[in-house]
Amino acid sequence: GDSVTQMEGPVTLSEEAFLTINCTYTATGYPSLFWYVQYPGEGLQLLLKATKADDKGSNKGFEATYRKETTSFHLEKGSVQVSDSAVYFCALGSGNTPLVFGKGTRLSVIA
Amino acid sequence: NAGVTQTPKFQVLKTGQSMTLQCAQDMNHEYMSWYRQDPGMGLRLIHYSVGAGITDQGEVPNGYNVSRSTTEDFPLRLLSAAPSQTSVYFCASSSAGGKLYEQYFGPGTRLTVT
């Protein structure tokens, strides 16, 4: 079945550092790809999405590009802030079946 | 709009007790789901519903029941609580069609079973 693999955390960065969180997927169809973020003590919220190959999703300075050739959807941000400390989940949706989530990557940004 | 609301925020149960976790949404979303979040396991889908009167099992349905009598409400029932059900539970909703996967999550219920 469909699956998502994302890099294990935790990831600890200094403020203003560059962030990459890797995500790869396996899918039989043509999935849509998502990044969700969970701030401490809260539920998840959608960060960005891409619905077809070569689409770039972006929001709040974060970006991810849907790469069909490498089955990847890596999350990047050029300069992280302390307020970006959270757990980030890569997710896949296809064919009206339930979303498939990765296990999450915890990011801690220190001042 | 209140979005997705969940009650209670915290609950402690003894093994064998039953309870219902409440979830409500005011966005007229057709799709609702329940997840549990455990350390190192990510999110696991318990049950979901594509509309009033329709429910289906997710990845980890055992020990849980759901019903969907209205569009707004999707309660999760623990029939006989076990320590393995200690977890954080999240309810989510989304509209059907093109935004099916743009889910709105509630703030969660932290459940401890002793």
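The values are calculated or read from the model by the stated rules, or taken from the named source; none is laboratory data. As the structure is a prediction and not an experimental result, all values here were calculated from the model. Here the Cβ positions follow ideal geometry from the backbone for every residue, glycine too, while neighbour counts run over all protein chains shown. Just the protein is used for accessible areas: all its heavy atoms, side chains included, with ligands, DNA and RNA removed. Shrake-Rupley method; radii C 1.70, N 1.55, O 1.52, S 1.80 Å.
For this structure, a couple of remarks:
- Dipole in debye (nearest 20) - chain A, about Cα centre, beta carbon charges: Lys, Arg +1; Asp, Glu -1: 220 debye
- Chains B and A together, accessible area buried on both sides, 1.4 angstrom probe, square angstrom: 1400 Å²
- Taking the chain by itself as reference, segment A:13-60 contains these residues with an accessible-area loss of 50 Å² or more in the full protein complex (1.4 Å probe, heavy atoms): A:LEU44.
- Ordering B:ALA96, B:GLY16, B:TYR64 by Cα displacement along the dipole of the protein assembly as shown toward the positive end leaves B:GLY16 in first place; charges were set at the Cβ atoms of Lys, Arg (+1) and Asp, Glu (-1).
- Count of lysine pairs in the protein assembly as shown with Cα separation under 14 Å (8 or more residues apart, or interchain): 6
- Mean-square fluctuations from a GNM of chain A, with a 10 angstrom spring cutoff on Cα atoms, peak among A:ASN22, A:ASN59, A:ASN96 at A:ASN96.
- Segment B:1-106 - accessible surface per residue (Å², probe 1.4 Å): 46 Å²
- Candidate residues A:THR12, B:THR70: accessible-area rank, largest first, probe 1.4 Å: A:THR12, B:THR70
- Carbon-plus-sulfur accessible fraction, chain A (probe radius 1.4 Å, protein heavy atoms only): 47%.
- Solvent-accessible area per residue for segment A:1-82 (1.4 angstrom probe, square angstrom): 52 Å²
- Only one residue of A:VAL11, A:VAL80, B:VAL50 has its Cα farthest out toward the positive end of the dipole of the protein assembly as shown, where Lys and Arg carry +1 and Asp and Glu -1 on Cβ, and that residue is B:VAL50.
- With 50 Å² as the minimum drop in accessible area between chain alone and full protein complex (1.4 Å probe), the qualifying residues in segment B:39-69 are B:LEU43.
- With 10 Å bins from 0: P(r) over segment B:7-79, alpha-carbon pairs, percent: 18, 50, 28, 3
- Kirkwood analysis of the protein assembly as shown, using all unique Cα-Cα pairs, places the hydrodynamic radius at 18.1 Å.
- With the biggest extent put first, the Cα atoms of segment A:1-65 measure 38, 22, 22 Å across the principal axes.
- Placing pseudo-labels 7 Å out from each Cα toward the beta carbon at B:ASP26 and A:LYS56 gives an inter-label distance of 3.9 nm.
- Förster-model FRET efficiency, 25 Å R0, B:ASN65 and B:GLU102, C-beta, rounded to 0.05: 0.40
- Among A:ASN22, A:LEU47, A:GLY93 - extreme Cα towards positive end, dipole of chain A, charges at beta-carbon: A:GLY93
- Computed on the Cα atoms alone, the convex hull of chain A gives a volume of 92 cubic angstrom per residue.
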